[in-house]
There are 4 protein chains.
Amino acid sequence: MHVLVDLCVVPLGVGLSVSKEVAACERILQEAGLTTRLHAHGTNIEGDWDAVFAAIKRCHEVLHAQGVPRISSTLRVGTRTDRRQTLDDKVRSVEEKLSTSAAPPPGPRD
Amino acid sequence: MHVLVDLCVVPLGVGLSVSKEVAACERILQEAGLTTRLHAHGTNIEGDWDAVFAAIKRCHEVLHAQGVPRISSTLRVGTRTDRRQTLDDKVRSVEEKLSTSAAPPPGPRD
Amino acid sequence: MHVLVDLCVVPLGVGLSVSKEVAACERILQEAGLTTRLHAHGTNIEGDWDAVFAAIKRCHEVLHAQGVPRISSTLRVGTRTDRRQTLDDKVRSVEEKLSTSAAPPPGPRD
Amino acid sequence: MHVLVDLCVVPLGVGLSVSKEVAACERILQEAGLTTRLHAHGTNIEGDWDAVFAAIKRCHEVLHAQGVPRISSTLRVGTRTDRRQTLDDKVRSVEEKLSTSAAPPPGPRD
């Protein structure tokens, strides 16, 4: 089962900066061969369900092994059977509609 | 690895009522032997990481098999190494602080 | 606009226990006259959009004023125009389907 | 109060494609003068709390006015008092750590 996930990992008990832990997770996801797109509130991930969730489990395990005592992650998980869709497909689909609607309406305007 | 998850499953393409699909997931989680607490925006789940995520995968698989073409789930995932905590522990901990703060302050009040 | 929200507040920089901060938010929501249902991963809230979001803003403001340097909240926000629905309606709707499906099928069984 | 939000709007009752509604929200956020970064599972938003949440409310109102009967949104909401941080700061901070860790270790390599 193909899945698109958006993962946001929040480590607790390590102070206010969390970018070191987020970077560690990003590396784990990439080493797992998954397609990822980092953004300011998490990471888009694309892949097979089992591979994606094995990597997310590994993020929690590795952070705990590095001394993070508590982790609170949030995930958005999307699956569909009507068609195959990539991360880039989703963004492109919205951007196409944005560019269309921004164009001037057809026909004379005055 | 013990995990506390909050799962909210949103099926798309099945109309406006989603309670049938939510009930199907609830049954899957319970048949998996997991501790669950249903609420108005999802279900709290407690158990071993692999058992919990196998059941969540099964929710997506079963709903798709029942004809749901698209599913958008959101999860909150909590793990910690400092101590073992149950779903009921978490609620009790907040309720204790609420009852304490609502109590009259100690000492003479007049 | 009526809204059903599920709010989970995660304070950072205050150690591993977050129940004090969660209890403070719960009091703010209740003092705002909102209907709330506490669960292990957050709080269901029901009310008018402006009142609900004013109270959520106040949660962030009050926690910061109490010395919490960073807050990461997650919200699920539901609105609908087809019918009015309460928090309890949503839970009841799922529970009815669970009890129905658990019952033996009608008619002779042997 | 400055806030960084990640918003994912899921319209129900409009079929399987939701990009038209997501594009409508993107336009509302941009017309409100907010900084936004679209990704495959939502939109990062940066701005003043009141301006950001007024625009999010308007997303729900406009979609309902356009005929969407039910909307389920998820938000990640971040505020902090220790320092001012932009959306781009957050991504840059993680990317710096990723590039550092990817560099070859110091010392002779043969």
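The values are calculated or read from the model by the stated rules, or taken from the named source; none is laboratory data. All values reported here derive from a predicted model rather than from experimental measurement. Neighbour counts are summed over all protein chains in view; Cβ atoms, including those assigned to glycine, are modelled from backbone coordinates with ideal geometry. For accessibility, only protein heavy atoms count, side chains too; no ligands or nucleic acids. Shrake-Rupley method; radii C 1.70, N 1.55, O 1.52, S 1.80 Å.
Quick one: helix C:19-31 against the long Cα principal axis of chain C, what's the angle to the nearest 10°, folded into 0 to 90? Rounded to the nearest ten degrees, it is 80.
Listed as lacking a disulfide-compatible partner in chain C: C:CYS8, by the criterion of no other cysteine Cβ under 4.7 Å. Among the trypsin sites (Lys or Arg not before Pro) within region B:60-94, those in coil by DSSP and having at most 12 neighbouring Cβ atoms inside 10 Å are B:ARG83, B:ARG84.
Against the main long axis of the alpha-carbon atoms of chain A, helix A:49-65 sits at an angle near 40°. Among A:LYS57, A:LYS97, A:LYS20, the residue with the largest mean-square fluctuation in a Gaussian network model of chain A, with springs joining Cα atoms closer than 10 Å, is A:LYS97.
Interface size, chains B and D: roughly 800 Å² of accessible area buried, both sides included, 1.4 Å probe, rounded to the nearest 100.
All other residues whose Cβ lies under 13 angstrom from that of A:ALA54 are scored, Lys and Arg at +1 and Asp and Glu at -1, for a net of -2.
Surface listing: B:THR81, D:THR86 arranged by accessible area from highest to lowest gives B:THR81, D:THR86, probe 1.4 Å.
Positive contributions from Lys and Arg (+1) and negative ones from Asp and Glu (-1), summed over other residues with Cβ under 14 Å from the Cβ of C:ALA23, come out at 0. With R₀ fixed at 22 Å, the C-beta to C-beta distance from B:SER17 to C:ASP50 puts the FRET efficiency at about 0.20.
Label zone of C:HIS2 (point 7 Å out along Cα→Cβ, amide N under 15 Å): in region C:59-98 this covers C:78-93. Which residue is it, in chain D, whose C-beta lies closest to the D-to-A rotation axis, and what is that distance in whole Å? Nearest Cβ to that rotation axis, in whole Å: D:HIS39, 2.
Looking at the square roots a ≥ b ≥ c of the eigenvalues of the Cα gyration tensor of region A:15-65, which shape do they give, rounded for a/c under 1.5, prolate if a/b is larger than b/c, or oblate? The shape class here is oblate. Placing a label point 7 Å from Cα along the Cα-to-Cβ axis, C:ALA54 is separated from the same position in the other copies by 1.5, 5.1, 5.3 nm, shortest listed first. Residues whose amide H falls under 5 Å from that of D:THR35, counting only those 5 or more places apart or on a different chain, are D:GLU46, with hydrogens built in the peptide plane. So what's the back-of-envelope 222 nm ellipticity for chain B, counting only DSSP H runs of four-plus at -39500 (n - 2.57) apiece and dividing by all residues, rounded to 500? About -13500 deg cm²/dmol. Here the accessible area of chain C is 50 percent carbon and sulfur, with a 1.4 angstrom probe and all protein chains present. For region B:11-110, the solvent-accessible area works out to 47 Å² per residue, with a probe of 1.4 Å and every protein chain left in place. With bins 10 Å wide beginning at 0, the percent of Cα pairs of chain B falling in each bin runs 13, 38, 24, 13, 7, 4, 1. Using a 7 Å projection from Cα along Cα-to-Cβ, the label point at C:GLY67 is separated from the same position in the remaining copies by 2.4, 5.6, 5.9 nm, smallest value first. The calculated FRET efficiency for B:ARG83 paired with A:THR100, based on their beta-carbon distance and R0 = 60 Å, is about 0.65. Note on region A:58-102 and region B:42-106: Cα centroid distance 20 Å, given to the nearest whole angstrom. Counting, for every residue in D:6-15, the Cβ atoms of other protein chains within 10 Å of its Cβ and taking the mean gives 6. In summary, the lysines within cross-link reach of B:LYS57, defined as a Cα separation below 23 angstrom excluding same-chain residues under 8 places away, comprise A:LYS57, A:LYS90, B:LYS20, C:LYS97. One quarter of the convex hull surface built on the alpha carbon atoms of the protein assembly as shown amounts to 30.3 nm², the projected area averaged over directions.
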